[in-house]
Each structure stands twice: as structure tokens, then as C-alpha cells.
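Read-outs: derived from the displayed coordinates by stated rules, not from any lab. What you are looking at is a predicted structure, and each value in this text was computed from that prediction instead of being measured. Glycine gets a Cβ as well: all are built from the backbone with ideal geometry, and neighbour counts include every protein chain shown.
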Amino acid sequence: MKNKKVKIKSTTCITPIWSIQVVAKKLRRKLMQSVFIFDIDDTMYDQQSAFGKAIHSLDIPNNKILDISHLYQLMKEYGDETFSLGFDKTKLKQMHIYRIKRSLLDYDVEITDAQAIKFQMNFDKYQDEIQLFPTMDNLLDVLVKKNQILGIITNGTYTKQSKKIEKLNLEKWFPRNNIVISEELGISKPNKDIFQYFERKISLPSKIENFYYIGDNYLNDIVGPKTVGWNTIWVNYRNYQKPKACLADYIVETPDELSTIISKIIFN
């Protein structure tokens with residue numbers, strides 16, 4: 001009897017090289033984890049809007065033409081002067097009076113201390129109406145979904161900044177341990193110590209090159225983080241003039257552009 005040859009169909013599947021490369025690429029994407037640290041004011045919501053409403057509540061002569069955007073920037077700069085010298089809560093009221101009076105003087109407008117206090121009260125009131133910039137909630141959802149590490153470093157008093165965090169529901173995305181408010185430390189941006197404190201606080205093995213700070217204030221949010229080697233994304237929604245030797249790694253002018261840049265980073 002002749003031996004009958006039987007053909008055996010192989011069940012072994014040889015994966016094409018291109019398929020392996022696709023899987024490897026997906027794995028690299030999955031493992032790409034960065035640390036994204038955000039400023040709050042004018043980065044996550046529009047603080048200038050509240051400022052404008054508070055300014056209009058003052059009795060300013062009709063013949064005085066105010067550039068709200070420029071005036072707002074002046075107030076922030078004069079306020080930052082006091083924070084950069086070290087925060088003193090006992091002088092907070094005096095700082096509020098000084099920064100708005102000094103800003104208006106640049107427009108030859110003089111107001112009393114009482115008017116400055118009224119302005120600050122209205123400024124605080126209108127900030128109770130704040131909302132996240134469009135697309136910001138979607139961006140934060142994506143970052144959490146993609147297992148990115150999120151944090152906040154913000155200048156200001158613990159009470160006021162905590163109120164904003166609550167109003168914007170930021171603890172939905174940001175662990176409380178990853179939130180740093182300058183009053184808690186007695187130091188503020190752009191002092192490099194506040195950024196180094198954040199690194200120690202979160203105790204992560206992430207490399208410095210995977211840290212990204214996102215903020216609107218060039219000195220505080222770009223120059224400051226650069227002193228410790230972080231990457232920076234300048235949220236320049238107000239189209240402020242760019243320095244000749246700009247230190248920002250990325251510059252965005254709309255919330256949509258911010259989402260696009262961060263998506264490119266995490267899917268690189």
C-alpha cells in the first residue's frame with residue numbers, strides 16, 4: 001500500500017513587518033506621558049472681562065479714553081511687582097489699592113482709595129461669573145484620558161485662587177496635591193523655587209524635558225519655568241508684543257491652537 005501524502009494546512013500566522021511597526025508606534029504613543037502645568041488667570045478663563053466690567057463701574061471722566069486691554073496689563077504688572085518681592089497678606093488691601101491707582105495714573109486718571117476699594121470689590125464680584133475658555137474642558141478631558149499628569153501653579157491668595165478652582169470645577173481634572181498657590185509658600189512666580197517645589201511635591205520620575213508650563217504672563221509663565229529647564233507654551237490671547245529673543249517653545253493665540261499644540265505633543 002502506497003503511503004498517501006496528506007497536505008497539512010499551516011495555521012501559523014506571520015505578522016507583516018509593517019503591522020509590527022504600527023503596533024510599536026501605538027505603544028510608544030500610549031507610553032508617552034508628560035507633565036502639563038497650567039496657570040489659571042487668563043490662561044484657563046477670561047479674567048480681563050471681569051476687569052473691564054469693574055472699570056466701567058468707576059466714575060471716570062468721559063473725556064478719558066481707556067484701552068482696557070493695556071490698562072489691565074498694567075494692573076497685572078504693578079500687582080506682580082508686589083508678589084515678586086514676597087507675598088505679605090497683611091498688605092493685600094494696600095496692594096489692591098496701589099495697583100489700580102498706579103495703572104490709571106498712566107492715563108492721567110486719579111481715583112481715591114475708596115474708589116480703588118470699590119473697584120476691587122466689583123472685580124471680585126464679576127469673577128464669580130467666570131467660565132472656562134471654550135474647548136478647555138475638552139482639552140483637559142483628553143489629557144486625563146491619555147493618562148497625562150496635570151498640575152497648577154498660580155500666584156495669588158489661597159482663598160481667592162481656591163475659590164476660582166472651585167468655581168471652574170478644576171479638581172475634576174487636577175489632583176489637589178498637584179495644585180500650588182503662591183500664598184501657601186510665601187514665594188511666587190517667576191521665582192524658580194516655586195517650580196522646583198512643584199517638582200518635589202509631585203514626586204514623579206518624569207524627566208525635565210517632559211514638563212510643559214502653560215501660561216499667559218511672559219515673565220511669570222515663560223521666563224520663570226525656563227530657569228528650571230521646563231518647556232513652555234505662551235498663551236498670548238491678547239496678542240502682546242513678542243520679545244526679540246522669545247524664550248517660549250510654543251506660542252498660541254486661541255484656545256483651539258492650544259488644543260492643537262498639546263495634541264501634537266502627546267501624540268508625537
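Close amide H contacts of residue 251 (hydrogens built in the peptide plane, cut-off under 5 Å, sequence separation of 5 or more or a different chain): 234. How would the range 166-229 be classified by its alpha-carbon gyration tensor: rounded, prolate or oblate, with rounded meaning a/c under 1.5 and the a/b versus b/c comparison settling the rest? It is rounded, given that a/c, with a ≥ b ≥ c, falls under 1.5. Cβ crowding within 10 Å ranks 251, 55 as 251, 55, fewest other Cβ atoms first. Rounded to whole numbers, the Karplus 3J(HN,Hα) couplings from phi for the range 215-227 are x, 9, 8, 4, 5, 6, 9, 10, 4, x, x, 5, 5 Hz, using 6.51 cos²θ - 1.76 cosθ + 1.60 with θ = phi - 60°, and x at Gly and Pro. With neighbour counts taken as other beta-carbon atoms within 10 Å, the residues 109, 252, 235 rank, fewest first, as 109, 252, 235. A cut-off of 5 Å between modelled amide H atoms, ignoring neighbours fewer than 5 places along the same chain, links residue 179 with 152. The trypsin sites (Lys or Arg not before Pro) of the range 202-244 that DSSP puts in a loop, and whose beta carbon has at most 16 other beta carbons within 10 Å, are 207, 238, 244.
Taking 7 Å steps out from each Cα toward its Cβ at residue 93 and residue 56 produces label points 3.0 nm apart. Shown for 209, 183: other C-beta atoms within 10 Å of each C-beta, ranked fewest to most, produce the order 209, 183.
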